[in-house]
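The values are calculated or read from the model by the stated rules, or taken from the named source; none is laboratory data. All values reported here derive from a predicted model rather than from experimental measurement. Here the Cβ is made from the backbone with ideal geometry for all residues, glycine too, and neighbour counts use every protein chain on show. Only protein heavy atoms, including side chains, enter the accessible area calculation; ligands, DNA and RNA are left aside. Shrake-Rupley method; radii C 1.70, N 1.55, O 1.52, S 1.80 Å.
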Amino acid sequence: GSFDPPHVAHTLVVAYVLGAHPIDRVLVTPAAAHAFGKRLRAFEDRMRMCELAFAVLRSVEVSPIEHELPAPSLTLRTLQALHARHPDVRLRLVLGTDLAAETHAWHDFAKVEALAPPLWVGRQGYTHDPSRPAMPEISSTEIRRRLVAGEPTDGLLAPAVARYIA
């Protein structure tokens with residue numbers, strides 16, 4: 001993910017996945033260079049904010065793997081590298097339903113699905129399976145807008161992330 005910045009809905013998604021699915025570990029991987037050219041804050045800052053945001057959860061590792069791979073960050077390339085490093089691990093890709101309409105633009109999404117079958121997590125405001133919970137509609141874009149405008153972000157960021165940004 002971009003994690004620019006990581007917010008409480010990201011943390012809730014990971015907590016939900018660990019609590020509701022047979023998942024042993026979640027690897028949080030900030031994008032080094034966005035595949036669609038989106039300008040991101042420095043990778044090192046997003047890595048540190050992810051470490052702070054996800055520190056409250058066990059079984060979570062924040063990985064710099066995308067910084068080690070050629071730019072731009074491609075999900076398929078990341079999954080292939082993870083599979084090569086850990087061939088005995090069954091991978092799943094956690095995706096919010098807000099991304100469902102974008103997968104046609106991803107680099108070879110069919111291979112992504114084959115390598116790491118998506119685990120779709122509902123997001124308010126987007127189509128999802130009504131029998132499963134939807135995560136709150138919190139967006140990094142809105143948080144960045146609030147920060148620039150000097151508006152509060154209380155309840156949207158982990159306190160440690162808010163302090164880091166300040």
Asp108 vs. criteria open to solvent by 30 Å² or more (accessible area, probe 1.4 Å), among the acidic types (Asp, Glu) and closer than 30 Å to Gly155 by Cα
no
Could you tell me whether Arg41 is in contact with a Phe, Trp or Tyr (Cβ under 8 Å, 6 or more places away or on another chain) and either over 14 Å from Thr78 (Cβ atoms) or touching a residue at least 40 places away in the same chain (Cβ under 8 Å) (or both)?
no
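Pick from the stretch 140-151 the residues that are under 17 Å from the mean Cα position of the chain (by Cα) and without any contact (Cβ under 8 Å) to a residue 60 or more places away in the chain: which of them is surrounded by the fewest Cβ atoms within 10 Å (Cβ to Cβ)?
Of all residues in the stretch 140-151, those under 17 Å from the mean Cα position of the chain (by Cα) come to 140-144.
Applying the additional criterion that residues be without any contact (Cβ under 8 Å) to a residue 60 or more places away in the chain yields 141-142.
Numbers: Thr141: 10, Glu142: 14.
Only one residue fits best here, namely Thr141.
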Residues of the stretch 80-99 satisfying the condition of being within 14 Å of the chain's Cα centre (by Cα) and of a type in the set (A, V, I, L, M, F, W, C)
Leu93, Val94, Leu95, Leu99
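To keep it simple, each residue is scored yes or no on (1) surrounded by 18 or more Cβ atoms within 10 Å (Cβ to Cβ); (2) of a type in the set (A, V, I, L, M); (3) assigned to a helix (DSSP H, G or I).
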{"site": "Met47", "(1), (2), (3)": "yes, yes, yes"}
{"site": "Leu52", "(1), (2), (3)": "yes, yes, yes"}
{"site": "His67", "(1), (2), (3)": "no, no, yes"}
{"site": "Ala71", "(1), (2), (3)": "no, yes, no"}
{"site": "Pro87", "(1), (2), (3)": "no, no, no"}
{"site": "Val94", "(1), (2), (3)": "yes, yes, no"}
{"site": "His104", "(1), (2), (3)": "no, no, yes"}
{"site": "Ala114", "(1), (2), (3)": "no, yes, yes"}
{"site": "Tyr126", "(1), (2), (3)": "no, no, no"}
Those residues of the stretch 1-34 which are open to solvent by less than 20 Å² (accessible area, probe 1.4 Å) and assigned to a loop (DSSP other than H, G, I, E, B), in sequence order:
Asp4, Pro5, Pro6, His7, Pro30, Ala31
